[in-house]
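The values are calculated or read from the model by the stated rules, or taken from the named source; none is laboratory data. Keep in mind that this is a model prediction, so the values were computed, not measured. So basically every Cβ, Gly included, is an ideal-geometry build from the backbone, and we count neighbours across all protein chains shown. What goes into the accessible areas is simple: the full protein's heavy atoms, side chains included, and nothing from ligands, DNA or RNA. Shrake-Rupley method; radii C 1.70, N 1.55, O 1.52, S 1.80 Å.
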Amino acid sequence: MTAVAAATAASLLGAWHAVRAFPADTAPLGVASRGRGGAAAVSQLSRAADEHGRGATTSRTGTAQAPLAAALGVAAAVACRRACSSTRGRLSRIGMRGRNYETNIRKKKGPAELKKARITAKYLRLITLALKDGQPDEELNPPLARAIKAALKNNVPRNTIDNRIKKFVEGAETVEEIDLGGYASGGAAVMVQCATDNVARAREAVATAFKTAGGNVGSAGCVDHAFNKLGVLIFEDIDEEKVIEASLEAEAEDCETLEDGTVQVTTSPQNFHAAVEAFENQGLEPSSSSVEFIPVAPTKLDTAATYETLRLLHLLDEIDDVHDVHHNGVLEDDVELVMNNYGLPWSYERSLKEK
């Protein structure tokens, strides 16, 4: 191959490196497409240049300029390769940074935002239920005032609360309470409290959760015998004697100090709101207050049943319409759910294989 042909081939070598460096959809104009077609094009051009070089050896001008052309061709090839390699590196780093960013969003911000949305939805349902039982004025509706206070304490924006109250007053927001009972895998009785604007949707979602976790939803009232429905008030960092004295005026059914030092007061569901108000009037504000289903006879569960019960509780917690869940199962310690790539728990059998 003559010097002129060598120079041309060196330039084509630079173009070949450009072809290798750039993806097919990002290659600059004038560069052959990456792949077999690009290689064939460069090979054909190289042979044509070689033939052109052999014909040019008879020319004095071509012979004189051959060394300079060869040097320039080699320099062009080296420069092109360096530029293309640098560009390819930048493209690779940019792509990797994009994937890392999406991963961070999915693993960190996504679950945090979802948790925040669920907390907001929970308290907005409580506010709507309080509105259903009374007036939209906080001063004339103590349950509403308590619901709003609890929502604000859990960082629910005030304007979001006001918008929900406005929608309810205008008739654009309605919520209905329903209780659904069933049995988890292993025989534990489960009571699911829902607050929803679509009863059919809530029933279907709850039934699907039970079926997925190996349980089943029963008929209305099927697990009522397994629970006592009571109003429960919890007081922290307070003298038990003061709570006992206030309980007499609040017409509470029972008052006891728990192992963790908190004082628990129970009352009938019908007297719940009046009892809370009576304590507040005496300067005693409970740290938490709600109507709960207290198990009558706990059901002891083995490891597999404990896992599937925890799986059911997790699936129910994912349902927006579910307000609260109660069960009478005695769970084993140190049993943890194993999640798949979508954040959902595997079945007990599959979890053993995934560990």
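Note on region 306-349: among residues that are hydrophobic (A, V, I, L, M, F, W, C) and under 19 Å from Phe227 (Cβ atoms), the one that is surrounded by the fewest Cβ atoms within 10 Å (Cβ to Cβ) is Val330.
Restricting attention to region 295-310, the residues that are part of a helix (DSSP H, G or I) and touching a Gly at 6+ places or on another chain (Cβ under 8 Å) total 5. Residues of region 295-305 that are open to solvent by 20 Å² or more (accessible area, probe 1.4 Å) and under 28 Å from the mean Cα position of the chain (by Cα): Thr303, Ala304. Being in a loop (DSSP other than H, G, I, E, B), open to solvent by 30 Å² or more (accessible area, probe 1.4 Å) and farther than 24 Å from Arg201 by Cα is not true of Leu352. The residue that is nearest to Gln135 (Cα to Cα), counting only those in region 152-163 that are touching a helix residue (DSSP H, G or I) at 6+ places or on another chain (Cβ under 7 Å) and at pLDDT 90 or above, is Ile161. Region 193-294 holds helices (runs of 4 or more DSSP H) entirely within its bounds, and those carrying 3 or more residues that are in contact (Cβ under 8 Å) with a residue 60 or more places away in the chain, over 25 Å from Ala150 (Cα atoms) and open to solvent by 30 Å² or more (accessible area, probe 1.4 Å) map to 199-212.
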